[in-house]
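S.K.: Before anything else, here's the structure in question.
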Amino acid sequence: MADTQGIYILAEIGEAEKPTAVTLELIGLGRDLASRLGERVSTLVLGAGVREAAQELALYGPDEVLFLDDPALSRYDPELYVGALVPFLESRPPRVLLAGHTSLGQDLFPRLAFSLDCGLVTDCVALEVDGGDILLTRPIYGGNAIATQKVGTSKVMATVRARVGEAPQPSSAAAVTPLETAVPASSRLSLKEREVLQSRECPLEEAPVVVSGGRGMGGEDGFAQLTEIAGILSGAVGASRPPVDSGWAASTCQVGITGKVVAPDIYIAVAISGSTQHLSGMGESGKIVAINKDPDAYIFKVADYGVVGDWRQVLPSFSAALREIMQE
Amino acid sequence: MAINIIVCAKQVPDPEGPPSSFEINAEERRVTARGIPPVINPFDENALEAAIRIKETSGANITLLSLGKGLSKAVILKAVAAGADASLLVDAEALDAALLDPFATARLLAAAIGKAGPFDLILCGRQAADTNAGMVGLGLAQLLGIPAITLAQKVEIADGRVVVERVLPDGYEVVEAPLPALVTVSGEVGDLRYPSLQAIKAGKALPQTVLGLADLGVEPAGLGRVETVRLTAPSRERRCTLVEGDTPEEAGRKLAQLLRQEKVI
């Protein structure tokens, strides 16, 4: 077996040149693994103009931050990322390499894993150290079963869901050094226009509160009320599949196995019956609140708090009372 | 000019089946579906729909490729009849989906594609509805040495290139690659059309090749990189505190107050 060393975390930079929430959570997880395995934590950050973000990352407890600052990396091109990272990861093979189970992580990590012939487990909800093994837990069959897996290669790669780890508090700064590798001169892909349909002020996957509506919302008007509640609780609006299919909610809002997987502190499900497909996308939420007029709706089986009633009658007073409470 | 498209389609237990139909066998570390029929993985159906749309606009010859154990011919026929031109099935005991990890699956598919004749475009679903890993398509492209674009909501062919609208968390981007290429398709493409009874009848006459493991020249043993060590049932059910009131308005107000009382908000 090759001599592998260190816990590496692939950082992502979001709004205002700040590391994303899942990046900081991964550093927290990485620290935890590192202390059990007696390893160091390195954070990798790639992009154009990422020096400042690298300095910021250094405050969150990694042992080092390695950055690759190149104008060619201003947008994510998987071929450039793979071309730059593979030689580096071959020269300094990590014991563990983590990324968020994000748009980038899902696209990049399988490519890297096959290039490096390194075992990868995606969409992890738990990581543990068991003797010399790292056990990775992920839901399968749309969340109807939970598999714990290990990889048979000396390097271990995983993508981890948002809100699995805990972000460390900022402390003293670690060393920040350039990553010694070259960005390939060309890619077979060409990136054309980019269309933004939804503001990223409060990304659904990172929102502490998600207020979602289902088929029973009956139209766009109901979603305006959900938006109001999300505003009061500083959260984001989600939807199950039927409202998206009917055009009442944007496809970027869809929560479920064919949409986004979220695990907020509070998930409020309004007029959602609780299909397997939807539960797979929100079943790991901290507290689940359900409002549904059908007392037999499955959602009440997985909820912590509920009201049996028509949302048209329940929501206005719920919303008014929330506003009062949050202003106190 | 018509291009050759291969659509990779996995048979899975219907993911819309109720949770009780997924039986967990902890000892064998596998899930057995009870009382629900196999279907083509919904994202692979989206991939087939994307292929059929290319065929309609710029012409294509579509081969449906499926690899597994005990493949349902009826399920394959329904998919093929929607608009494919041929099918290639690799059916063997050792291709039990529960025993193959994404690394083994991608290598076996790469070998099967070697038997499928020349291709310009491979379309796969973004992930399978059973294992949900989202790795096989990208792995396959890496093994074949062709460019890959993930999460397509629209796929078109123009001037010998594939043009993809790729879903992003906040919108989409347009990405192009030269052919041959591989694209993974997302649900936004839309559902696979239903074949007419007439098309299903005609589908039976379309060329179908059935291969065994020996034809591939690859053994699954040793190809895997990931092993499942434990399989458990999720503990989803919680105890729900139902808030009641004399009127629904009162219940709404009391719900907000309870959430504060319990320090949820």
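The values are calculated or read from the model by the stated rules, or taken from the named source; none is laboratory data. As the structure is a prediction and not an experimental result, all values here were calculated from the model. Cβ placement follows ideal geometry from the backbone for every residue including glycine, while neighbour counts extend to all protein chains displayed. Please note that ligands, DNA and RNA were not included when accessible areas were found on the heavy atoms of the full protein model with its side chains. Shrake-Rupley method; radii C 1.70, N 1.55, O 1.52, S 1.80 Å.
S.K.: If you scan the range B:64-81, which residues turn out to be in contact (Cβ under 8 Å) with a residue 12 or more places away in the chain, hydrophobic (A, V, I, L, M, F, W, C) and open to solvent by 10 Å² or more (accessible area, probe 1.4 Å)?
M.R.: Within the range B:64-81, B:L67, B:L71, B:V75, B:L77, B:A81 meet the criteria.
S.K.: Which residue out of A:A147, A:A158 is modelled with pLDDT of 95 or more, within 14 Å of chain B (Cβ to nearest Cβ), within 22 Å of A:L10 (Cα to Cα) and buried (at least 19 other Cβ atoms within 10 Å of the Cβ)?
M.R.: Residue meeting the stated conditions: A:A158.
S.K.: Applying the selection to the range B:119-139, what residues are among the hydrophobic types (A, V, I, L, M, F, W, C), under 21 Å from A:I140 (Cα atoms) and out of contact with any Cys (no Cβ under 6 Å at 6 or more places or on another chain)?
M.R.: B:A128, B:A129, B:A133, B:M135, B:V136, B:L138
S.K.: Being touching a residue at least 60 places away in the same chain (Cβ under 8 Å), of a type in the set (G, A, S), more than 23 Å from B:T105 (Cα to Cα) and out of contact with any Ser or Thr (no Cβ under 8 Å at 6 or more places or on another chain), is that true of even one residue in the range B:20-42?
M.R.: Checked the range B:20-42: no residue is touching a residue at least 60 places away in the same chain (Cβ under 8 Å), of a type in the set (G, A, S), more than 23 Å from B:T105 (Cα to Cα) and out of contact with any Ser or Thr (no Cβ under 8 Å at 6 or more places or on another chain).
S.K.: For residues that are facing another protein chain (nearest Cβ under 10 Å) and at pLDDT below 95, scanning just the range B:146-171, find the one that is surrounded by the fewest Cβ atoms within 10 Å (Cβ to Cβ).
M.R.: Only one residue tops the list, namely B:P169.
S.K.: Filter the range A:26-61 down to residues that are open to solvent by less than 10 Å² (accessible area, probe 1.4 Å) and over 22 Å from the mean Cα position of the chain (by Cα), then give me how many there are.
M.R.: 0
S.K.: Further question: Being within 14 Å of chain A (Cβ to nearest Cβ), in a strand (DSSP E or B) and out of contact with any Gly (no Cβ under 8 Å at 6 or more places or on another chain) narrows it down to one residue among B:L223, B:L182, B:L231; which is it?
M.R.: After ruling out the rest, the residue left standing is B:L231.
The rows are residues; the columns are (1) among the hydrophobic types (A, V, I, L, M, F, W, C); (2) open to solvent by less than 60 Å² (accessible area, probe 1.4 Å).
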site: B:E173; (1), (2): no, yes
site: B:A181; (1), (2): yes, yes
site: B:G187; (1), (2): no, yes
site: B:A199; (1), (2): yes, yes
site: B:K204; (1), (2): no, no
site: B:P207; (1), (2): no, no
site: B:V229; (1), (2): yes, yes
site: B:R236; (1), (2): no, yes
site: B:P248; (1), (2): no, yes
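S.K.: Taking into account only those residues within the range A:85-115 that are touching a strand residue (DSSP E or B) at 6+ places or on another chain (Cβ under 6 Å), part of a helix (DSSP H, G or I) and hydrophobic (A, V, I, L, M, F, W, C), which is surrounded by the fewest Cβ atoms within 10 Å (Cβ to Cβ)?
M.R.: A:F109
S.K.: I'm checking my understanding of the structure. Among residues of the range A:285-301 that are among the charged types (D, E, K, R) and closer than 21 Å to B:A256 by Cβ, which one is nearest to the other protein chains (Cβ to nearest Cβ)?
M.R.: The extreme case among them is A:K287.
S.K.: Please go through the range A:182-225 and give me each residue that is among the hydroxyl-bearing types (S, T, Y), at pLDDT 95 or above and part of a loop (DSSP other than H, G, I, E, B), ordered by number.
M.R.: Scanning the range A:182-225 gives A:S186, A:S187.
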